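Notes follow once the structure below has been shown.
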Amino acid sequence: MGGTRKGKAVVVGGSIAGLSCAHELIAAGWEVVVLEKTIFPPNSCATGAGLGLDPLAQKIIHSWLKQSPDLELCTLPLTIDQNGVTDIENNRARILARDENFNFRAAYWSDFHRLLHSALPEETVQWGNVFLSFCISDDKSCVRVMSKRLQTGEVYEVVGDILIAADGSLSSIRRSFYPDVKLRYSGYCAWRGVFDFSDNEKFEETVLELKKVYPDLGKCLYFDLARRTHTVFYELFNKRINWIWYVNQPEPQLKGTSVTMKVSSDLISEMHKEVEKFWVPELVNVIRGTKEPFLNVIYDIEPLEQIVWDKVALVGDAAHPTTPHGLRSTNMSILDAAVLGKCLQKWGVENLSSALEEYQSSRLPVVSKQVEFSQKLGRIKQGLPVDDCRSFDPTDPEIREEDCEKLQQKNMPFLFVSPLNPKQKLECKLPVERLPYH
């Protein structure tokens with residue numbers, strides 16, 4: 001079905017979604033250029049923190065890395081998903097739900113980004129090049145993208161067969177099609193940080209104390225719930241603990257183009273005082289010992305009805321900003337790239353409209369359900385109203401088992417389905433190397 005002419009893709013955004021598209025489209029026989037405004041590849045990224053890779057995403061990544069073991073060498077297994085309750089006021093704690101067949105892997109953002117970037121041809125990502133605008137030619141034969149080299153100020157044009165918007169939750173390309181669509185505030189923000197105990201004996205002792213309370217740290221995704229708040233933490237490769245603490249509050253006023261807020265030392269000190277009201281001392285010590293914690297404002301978006309137009313496709317957070325409670329942002333980006341690449345390979349550049357139509361019809365039903373599920377899961381764990389039902393209180397001694405089961409990641413819609421055929425169910429307990437991808 002695919003033709004013989006080699007297509008050219010212009011990808012805007014060099015984060016995980018953009019690099020994933022580069023890998024998949026190069027594998028499909030396309031020429032790819034990625035425009036990224038950051039001047040240099042990120043060596044470390046505090047605001048990126050940790051992420052979880054699901055089994056299907058792992059399978060796809062292995063195909064890009066030619067089945068090398070590099071992914072396992074820079075990640076840790078997450079074989080357990082546990083939700084518990086901590087009731088500091090009454091000095092009680094217990095497990096609400098536990099899944100020991102989780103099969104995710106934990107990665108540090110900058111480690112994972114470096115892994116994907118280093119496996120691409122050297123000139124694929126054009127660092128320090130900011131996207132300005134685009135237009136589709138009158139005869140619809142190409143898309144023209146205007147970009148600017150930040151170090152020289154030179155404005156230039158890139159011509160391609162398709163423009164792929166991987167420019168994040170505040171996507172300017174999405175805005176050109178949906179000028180009135182706004183991000184949807186969740187009702188809460190998230191303090192985040194990575195506690196590094198790799199070269200500090202005192203910090204190593206802090207983690208040893210934490211592991212006495214949470215003995216499966218190193219293989220478990222821990223969710224600790226309290227009344228109207230919750231925290232998430234897990235271990236990362238190279239002696240690091242990723243943690244997130246969600247706090248209900250009115251929507252803050254953001255400045256600039258990021259959903260990450262700059263925080264003052266006074267605000268951090270206030271957070272350090274508040275945290276001990278909800279969590280055990282061992283976890284409090286980890287949070288207080290973290291250098292440069294930061295604050296994310298948590299948004300998603302009402303699922304879009306369209307993510308492709310003529311020669312433009314949205315992927316990742318540009319297509320479906322989501323709350324983080326289902327660990328879907330990175331995984332959806334990887335699956336978007338995989339499906340888009342397979343559709344382009346199948347149909348060829350001569351049948352681009354058919355390729356984009358199949359990409360959209362394959363992904364929209366999946367990502368729409370996953371975004372809504374993540375939003376609902378976050379509101380449940382934050383004790384916010386859901387569907388006019390009574391707010392969830394994890395400290396209630398009469399809480400029902402079926403309500404606790406709803407907290408688990410395995411309930412995510414379409415979690416174990418073929419990315420090109422949402423009706424095809426995959427066996428969730430298969431080891432990663434046996435999961436069907438192609």
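The values are calculated or read from the model by the stated rules, or taken from the named source; none is laboratory data. On a predicted model such as this, the values are computed, not experimentally measured, just so you know. Note: ideal-geometry Cβ built from the backbone for every residue, glycine included; neighbour counts use all protein chains shown. Just so you know, the surface numbers come from the protein's heavy atoms only, side chains and all, with ligands and any DNA or RNA stripped out. Shrake-Rupley method; radii C 1.70, N 1.55, O 1.52, S 1.80 Å.
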*Just report the Cα centroid separation between region 128-189 and region 209-284, whole Å.*
34
*Kyte-Doolittle cut-off 0.0, length cut-off 24 Å along the helix's own axis using Cα: show which whole DSSP H helices in the chain pass.*
329-347
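At 0.36 nm per residue, minus the direct Cα-Cα distance, what do residue 410 and residue 272 gain on full extension? Give it in nm, one decimal, please.
Values: separation 138, 0.36 × 138 = 49.68 nm, distance 3.27 nm.
Additional length available on full extension: 46.4 nm.
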*Give, as ranges by residue number, the residues of region 333-365 whose backbone N falls under 16 Å from the point 7 Å along Cα→Cβ of residue 417.*
333, 335-336, 339-340, 358-365
*List the trypsin sites (Lys or Arg not before Pro) within region 117-149 that fall in a DSSP loop (any state other than H, G, I, E or B) and whose Cβ has at most 12 other Cβ atoms within 10 Å.*
140
*asked:* For residue 123, project a label point 7 Å along Cα to C-beta. Then give me every residue of region 145-186 with its amide nitrogen under 12 Å of that point.
replied: none
*Over region 225-301, what percent of the accessible surface lies on carbon and sulfur atoms, probe 1.4 Å?*
50
*Could you work out which residue, out of 188, 214, 234, moves most in a Gaussian network model of the chain, that is, has the largest mean-square fluctuation with Cα springs under 10 Å?*
214
_Between 318, 119, 166, where does the largest GNM mean-square fluctuation fall for the chain, given springs only between Cα atoms within less than 10 Å?_
119
*What residue among 303, 413, 42 shows peak mean-square fluctuation when the chain is described by a Gaussian network model with Cα springs under 10 Å?*
42
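Expressed as a whole percentage, what fraction of the accessible surface of region 78-139 belongs to carbon and sulfur atoms when a 1.4 Å probe is rolled over the protein heavy atoms? Can you show the working numbers first?
Working: 1280 of 2970 Å².
Of all accessible area on region 78-139, carbon and sulfur atoms account for 43 percent.
What whole-number volume per residue, in cubic angstrom, does the convex hull of the C-alpha atoms of the chain give? Spell out each step's value before the answer.
Numbers: hull volume 65.9 nm³, N = 438.
For the chain, the hull spanned by Cα atoms encloses 150 Å³ per residue.
Loop only per DSSP, at most 13 neighbouring Cβ atoms within 10 Å: give me the chymotrypsin sites (Phe, Trp or Tyr not before Pro) in region 79-145, ordered by residue number. List each step's numbers first, then the result.
Details: sites: 102, 104, 108, 109, 112, 127, 131, 134; in loops: 102.
Here no chymotrypsin sites (Phe, Trp or Tyr not before Pro) fit, given the DSSP loop and packing criteria.
Hand me the GluC sites (Glu not before Pro) from region 106-195 located in a DSSP loop with no more than 14 other Cβ atoms within 10 Å, in residue order please. Numbers along the way, then the final one.
Working: sites: 122, 123, 154, 157; in loops: 122, 123, 154.
Counting only loop positions with at most 14 other Cβ atoms within 10 Å, the GluC sites (Glu not before Pro) in region 106-195 are 122, 123, 154.
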*Between residue 139 and residue 248, 0.36 nm times their residue separation minus their Cα-Cα distance comes to what?*
34.2 nm
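Please compute the Kirkwood hydrodynamic radius over region 121-182, one decimal place, Å, based on all pairs of different Cα atoms.
Working: mean 1/r = 0.0763 Å⁻¹.
Kirkwood hydrodynamic radius for region 121-182: 13.1 Å.
Between residue 199 and residue 265, what length in nm is gained on full extension when 0.36 nm per residue of separation is reduced by their alpha carbon distance? Please report the intermediate quantities before stating the final value.
Values: separation 66, 0.36 × 66 = 23.76 nm, distance 2.42 nm.
Stretched out fully, the residue 199 to residue 265 stretch lengthens by 21.3 nm.
Run the helix sum for the chain: -39,500 (n - 2.57) per DSSP H stretch of 4+ residues, divided by residue count, reported at 222 nm to the nearest 500 deg cm²/dmol.
Details: 11 runs with 128 residues, N = 438.
When only DSSP H runs of four or more count, the value is -9000 deg cm²/dmol.
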*Just the Cα atoms of region 100-215, one point each, no solvent: what log10 I(q)/I(0) does Debye give at q = 0.15 Å⁻¹?*
-1.02
*asked:* Using a probe radius of 1.4 Å on heavy atoms only, what accessible surface per residue do you get for the chain? Whole Å² is fine.
replied: 45
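For the chain, give me the percentage of DSSP beta bridges that are antiparallel, rounded to the nearest 5 percent.
Working: 63 of 84 bridges.
So the antiparallel bridges amount to about 75 percent of the total.
Say R0 is 51 Å: what FRET efficiency, to the nearest 0.05, do residue 150 and residue 217 get from their beta-carbon distance?
Values: r = 42 Å, r/R0 = 0.81.
That gives a FRET efficiency of 0.75.
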_Value of Rg/Rh across region 213-367 [Cα atoms, Kirkwood radius]_ = 1.08
